1. Kindly put A:L62, B:L204 in sequence by how many other C-beta atoms sit within 10 Å of each C-beta, fewest to most.
2. Taking the DSSP beta bridges in chain A as the whole, what percent of them are antiparallel, to the nearest 5?
3. Would you mind giving the mean number of other chain beta-carbons within 10 Å of the Cβ of each residue in A:179-188, as a whole number?
4. Sorted from fewest to most neighbouring beta carbons within 10 Å, what does the list A:C165, A:C261 look like?
5. Hey, what do the phi angles of the stretch A:117-131 turn into as Karplus ³J(HN,Hα) couplings, whole Hz, using 6.51/-1.76/1.60 and θ = phi - 60°, x for Gly and Pro?
6. Using amide H atoms built 1.01 Å from N in the peptide plane, name the residues 5+ places from B:A79, or on other chains, whose amide H lies under 5 Å from its own.
7. Using alpha carbon centroids, what distance separates the stretch B:17-38 and the stretch A:174-217, in Å?
8. For A:191-203, what's the mean count of beta carbons from other chains sitting within 10 Å of each residue's beta carbon?
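Quick note: the coordinates plus some simple rules give every number you see, no bench work behind them. What you see is a predicted model; the values in this text were computed from it and never measured. Note that each Cβ is placed from the backbone with ideal geometry, even for glycine, and that neighbours are counted across all protein chains shown.
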Amino acid sequence: MSDTPKTSASSLACGEPQSGSRRRFIRAAGCAAVAAALTGCGNLTTEEFLQRNFRELDKKELAEIIARLEKEYTAKFRKKVTVAATPPMPGVVFGYALDLSRCIGCRRCVYACVKENNQSRDPQIQWIRVLQMDKAEGVNVLHADPYYDPPLVPQEGHFYMPVQCHQCKNPPCVKVCPVKATWQEPDGITVVDYNWCIGCRYCMAACPYGARRFNWGEPHLPPEEINPVTEYLGNRPRPKGVVEKCTFCIQRTRKGRYPACVEICPTGSRKFGNLLDPGSEIRYVIENKRVFLFKEELNTQPKFFYFYGV
Amino acid sequence: METIRNFRRFCLDSLRLVVVGTRAYYGWVAFLLALMGLGIVAYLGQFQDGLIHTNMRDQVSWGFYIGNFTFLVGVAAAAIMLIIPAYVYEWKPIKEIAILGELLAISALVMCLGFVLVDIGRPDRFWHIMPLVGLLNFPSSLLAWDVIALNSYLLLNYVVATYLLYCAYTDRHYVKRFVYPLVFLSIPMAVSIHTVTAYLYNGLGARPYWNSAILAPRFLASAFCSGPAILLILLQILRKTTRLEIKDEAIFKIAELMAYTMGFNLFLTAAEAFKEFYTNSDDVVFIRYLYLGLRGHYTLVPFAWASVLCGLVAFLLFLVPKTRKNWVTLNIGCVLIYASVYIEKGMGLIIPGLTPDTLGEIYTYRPSLTEVGVASGIFALGFLVFTLMLKVAVPVMLGDFTMAKRPARAAAAA
Ligand code: SF4
């Protein structure tokens, strides 16, 4: 481990802890020995190993971590990559609506999402799953086909239902996470701290929408394909062994833009906005269209609404 | 001071005891070490490249590891099948061997923790889930509960077993006021580890197959079949290979208790199946996938029926006094019930819970070679722990291994 220029974990065992907090010191001391053992087989640094949950970090620590990540990503992808930790906007709770009568199942949203959010290309990870369903059966996952591949969409007798994170108001994934690595932000978006998740996949078992994806292997993203504008809790490159999911593109929406999937949709099936703003389009849809919630009986209270526009 | 010195002696003498043995003993230990080596090799690949070496995927995100974990929690809980008759009813024939149940629980828990550790994607971050140093999502997450319950149960069994052995070693009677409360505490705790583990699956609305109120009772019923089955076989082996006297009546009593739990277990399984199949709602697909196959996928079907069949035959063998008291049929019954529960509480629980997945997809999961290799390593570790503990415990129980009888050579060395 000593032939890497990075600080070795074992140096901390006898060195002094970086912060005065007693609790932190106990943690550091307790883990340093193990860190030394583990970093021996990987290239994990002490800082990485001892880094705490995002919500426990103070401003200075966060700035240091972000600087470290930016440096790491910039070197890895050979172009300037920025990592922001944009806070939620006050008075905003995001909502999403999807028009089932318009969606043609072209999957452009899937690919736009992959590009925007830096999903691994190999192994492939996609946050949106479009289901082809039988018109005769209605919305029923037991008659859904996610691997439809006809030369032309839409197919006669079928309709298409894209599924992604529903940003539940009552999220089962957050409830079950044993280490508080995933939580709901004040603007209603459930995020994951990729540096804290232990990869137990309990949240995946708990999610009724199949929205959470796991990095089964080391994620690969060709440098020329990276979107260099990233968020800490959003689309920054992920490590292996952790869970990830749709964040309604917080890197865009927290700056007043639309999510990539909304922008790309050629049929205008996707509506997005602030649920707290009575004049927003999303509120118009909810108040005037025939809306339904997917798996409503589970009381997850999604902020993702399906509707029939025509 | 004296106690510390004696305890040190006890530890040193125990060490000495486990490193010498017969040829068969060395062979067995070498075999286990080789299996562990295999497990480590398999795990190293997974550690390097990630869980991609397993056959788990987003659709079936838990598999063989978590299945084994769940099964072994049951084995650990079953120690109370000895504790209750021994301490609550003060039934002497069992009281003499009750410690074996505790040792079995310790080994099973070691394997449980091993399976959890190899299943997580970031083993380097395991400290995040440790109480006090990490950030435990307690009481919201049942996995946080499970961490606490399993570790406390492990600690409790460890303390009691070590203390009892140490007392016997120093030729003193154990202090009743110390042991009894702990032993009695271990009864609700054994129930709690299995209940909490059941709740871990039970509380997920997204997975109707697990979301059944009788899941925890089913866990307990099956645990009290499989754990004692191991003990019964073990008792016979010990009886044959050592001077340890284990009375027939002790074995038959345990077998009789097992007959009840086996019957109850079958009843609960039937209750679940009736509810699903007769109601025939959309949620029937999971149990269909298990027993009948779904949309051309039949992977689990032979296993599911094998489990039911083994369970039934074992129940009959244990129910009829004549076959229960016949060594051949008794042992066949033990193997059958063990196999039955291993299927039912392992893959038979995890896989149909996740298949079809929440969006209706069927992904056929079969453990990869890596998973099988790692799992055998963990089982070998558990058996090794158990073997070493027995190596000390049996002579203590026989009264051969006490401070007074220390071999002169050892005494001189210490
Ligand atoms: S996989 Fe990560 S985010 Fe999900 S429950 Fe486990 S630790 Fe939490």
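1. Details: A:L62 13, B:L204 23.
The most exposed by this proxy come first: A:L62, B:L204.
2. On the way: 22 of 29 bridges.
Taking every DSSP beta bridge with both residues in chain A, the antiparallel ones total about 75 percent.
3. Values: counts 14, 9, 6, 1, 1, 0, 0, 0, 0, 0.
Mean shielding by partner chains, rounded to a whole number: 3.
4. On the way: A:C165 24, A:C261 27.
Going from sparsest to densest Cβ surroundings: A:C165, A:C261.
5. Each residue's phi maps through the Karplus curve to give 9, 6, 5, 4, 8, 8, x, 6, 10, 10, 8, 9, 10, 9, 9 Hz.
6. For B:A79, whose amide H was placed from the backbone, there are no distant partners under 5 Å.
7. Taking the Cα centre of each part, the stretch B:17-38 and the stretch A:174-217 sit 43 Å apart.
8. Working: counts 0, 0, 0, 1, 2, 5, 5, 12, 8, 12, 9, 11, 2.
What the average comes to for A:191-203 is 5.
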